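Chemist: Shown below is the structure under consideration.
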Amino acid sequence: MTIATAPIVERLHTSQLADTVRVDCPAKTNLTLEVGPTHEEWGGRHALDTIYCAVGVYDTVTATAKAPGTGFSLELEGAHLGDLASSSSDMRRNHAVLALFAMAQEAGREPDVALTITKRIPVGAGLGGGSADAAAAILAINQLWNLNWPMERLRTIAATLGADMPFCLTGGLAHGTGFGEQIEDILDDSPLARELQAQGFTGEVLIGAYQSQLSTPEVYHTFDVVGAGSGDRNHLQAAAISLHPRSGQAIEAALQAGARHAFVSGSGPSVVAFVPDSTTAQRVIDTWVMHDAADRIIRAQAPVTPIIGVTQ
């Protein structure tokens, strides 16, 4: 198992400054998610203790330099845009755009950048798609403007935007604390990485996704009422299943079909199933299809890291 602590940079040309930077940023899931009390200093957010894992379904953010004074632009692509496709959606509130603004403010520059987001990560699914887009934008701008800021500085900026975003900058495996924004990378030669691999939390993974979305605040509100389910490694799982019962059906079906682990991803409703081999993967897929346990099934690998492509 190889877990990188920084994104892979692919230089398509050797010029010093790039005109366009493309970042493929993966989804995230939470192998464990322990939810603690709320903190007023965090805007009422809960304390979290989690093990993040980046999963190989990618959103792509492309950042292209624009002429000075022309401002930013945003284009969305993909077959699974969810609420992002709504005509009432404010593009200035898009996670990638907010990341661009934050980087521009930190750099003392104008956000004269054209952003294009190609969505593949399900929206509102507990897979951190918005966080991945923000992280991709941060990585892209850091490269596009030749800032060369270290990861620690980028993570500080990302933490002002959301809990999962500092993790999404590097992917792989990591331990998250605080409200999820304090990140400690889990290196490939560490005892914890070897333990997770032995437990079956690496390799082939299936994602069961849905047309419906869950509101993260609603899931946390429900958690505050129902609490964590007995034995759940994800404390939000019982709340998510109470709001979206098909997630529970998908978990049960995957485990019966031979998955080593199956659980709600983050605040849901997506279900993640780790499988030991391709035969088991196909059996889980067939079971999900037979029982109509998911609307969309994605095969992926985990853990993975972002990929940066630089062109002129």
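The values are calculated or read from the model by the stated rules, or taken from the named source; none is laboratory data. Values in this document were obtained by computation on a predicted structure and should not be read as measured data. Heads up, the Cβs are rebuilt from the backbone with ideal geometry, glycines too, and the neighbour counts pull from every protein chain shown. Ligands, DNA and RNA are excluded from the accessible area calculation, which covers all protein heavy atoms including side chains. Shrake-Rupley method; radii C 1.70, N 1.55, O 1.52, S 1.80 Å.
Chemist: Would you point out the residue of segment 19-74, among those that are under 22 Å from C168 (Cα atoms) and polar (S, T, N, Q), that is nearest to the chain's Cα centre (by Cα)?
Modeler: Here the answer is T29.
Chemist: Further, regarding this structure: Tell me which residues, restricted to segment 126-148, are open to solvent by 10 Å² or more (accessible area, probe 1.4 Å) and outside any helix (DSSP H, G or I).
Modeler: Within segment 126-148, G126, G128, W145, N146, L147, N148 meet the criteria.
So that you can scan it fast, the table gives a plain yes or no per residue for (1) free of Cβ contacts under 8 Å to residues at least 40 places away in the same chain; (2) over 30 Å from Y220 (Cα atoms):
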| residue | (1), (2) |
| --- | --- |
| G108 | yes, yes |
| P111 | no, yes |
| A114 | no, yes |
| A125 | no, no |
| A134 | yes, no |
| I138 | yes, no |
| L144 | no, yes |
| W149 | yes, yes |
| T160 | no, no |
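Chemist: Can you give me the number of residues within segment 83-108 that are acidic (D, E) and either surrounded by 14 or more Cβ atoms within 10 Å (Cβ to Cβ) or modelled with pLDDT of 95 or more (or both)? Lay out the reasoning, then the answer.
Modeler: Initially, segment 83-108 is screened for residues acidic (D, E), giving 83, 90, 106.
Those still in the list that are either surrounded by 14 or more Cβ atoms within 10 Å (Cβ to Cβ) or modelled with pLDDT of 95 or more (or both) too: 106.
Total meeting the criteria: 1.
Chemist: Now, a different point. Hey, L154 hits all of (1) under 21 Å from G176 (Cα atoms); (2) open to solvent by 50 Å² or more (accessible area, probe 1.4 Å); (3) among the aliphatic types (A, V, I, L, M) but one; which does it fall short on?
Modeler: Tallying (1) under 21 Å from G176 (Cα atoms); (2) open to solvent by 50 Å² or more (accessible area, probe 1.4 Å); (3) among the aliphatic types (A, V, I, L, M), L154 fails exactly one: (2).
Chemist: Which residues, counting only those in segment 157-178, are open to solvent by less than 20 Å² (accessible area, probe 1.4 Å), hydrophobic (A, V, I, L, M, F, W, C) and part of a loop (DSSP other than H, G, I, E, B)? Walk me through it before giving the result.
Modeler: Within segment 157-178, the first condition is being open to solvent by less than 20 Å² (accessible area, probe 1.4 Å), and the residues that meet it are 157-158, 162, 165-174, 176, 178.
Subsequent filtering for residues that are hydrophobic (A, V, I, L, M, F, W, C) retains 157-158, 165, 167-169, 173-174.
Once the filter is applied, which keeps residues that are open to solvent by less than 20 Å² (accessible area, probe 1.4 Å), hydrophobic (A, V, I, L, M, F, W, C) and part of a loop (DSSP other than H, G, I, E, B), segment 157-178 yields only L169.
Chemist: Do we have any residue at all in segment 301-311 that's surrounded by 24 or more Cβ atoms within 10 Å (Cβ to Cβ) and of a type outside the set (A, V, I, L, M)?
Modeler: Yes, segment 301-311 contains at least one residue that is surrounded by 24 or more Cβ atoms within 10 Å (Cβ to Cβ) and of a type outside the set (A, V, I, L, M).
Chemist: Sticking with this one: Has segment 275-283 got any residue that is buried (at least 23 other Cβ atoms within 10 Å of the Cβ) and not in a helix (DSSP H, G or I)?
Modeler: yes
Chemist: Can you tell me which of (1) within 23 Å of H95 (Cβ to Cβ); (2) in contact with a helix residue (DSSP H, G or I) (Cβ under 9 Å, 6 or more places away or on another chain); (3) not in a helix (DSSP H, G or I); (4) not basic (K, R) is the one L154 doesn't meet?
Modeler: (3)
Chemist: Okay, next question. Given the conditions (1) without any contact (Cβ under 8 Å) to a residue 24 or more places away in the chain; (2) buried (at least 22 other Cβ atoms within 10 Å of the Cβ); (3) of a type in the set (D, E), and given that E184 satisfies all but one, which numbered condition is not satisfied?
Modeler: If we test E184 against (1) without any contact (Cβ under 8 Å) to a residue 24 or more places away in the chain; (2) buried (at least 22 other Cβ atoms within 10 Å of the Cβ); (3) of a type in the set (D, E), just (2) comes out false.
Chemist: Considering only segment 288-312, how many residues are in contact (Cβ under 8 Å) with a residue 60 or more places away in the chain and in contact with a helix residue (DSSP H, G or I) (Cβ under 7 Å, 6 or more places away or on another chain)? Outline the logic, then answer.
Modeler: From segment 288-312, those in contact (Cβ under 8 Å) with a residue 60 or more places away in the chain are 288, 293-312; that's our starting set.
From what is left, the residues that are in contact with a helix residue (DSSP H, G or I) (Cβ under 7 Å, 6 or more places away or on another chain) are 288, 293-294, 297, 299, 306, 308, 310.
Count: 8.
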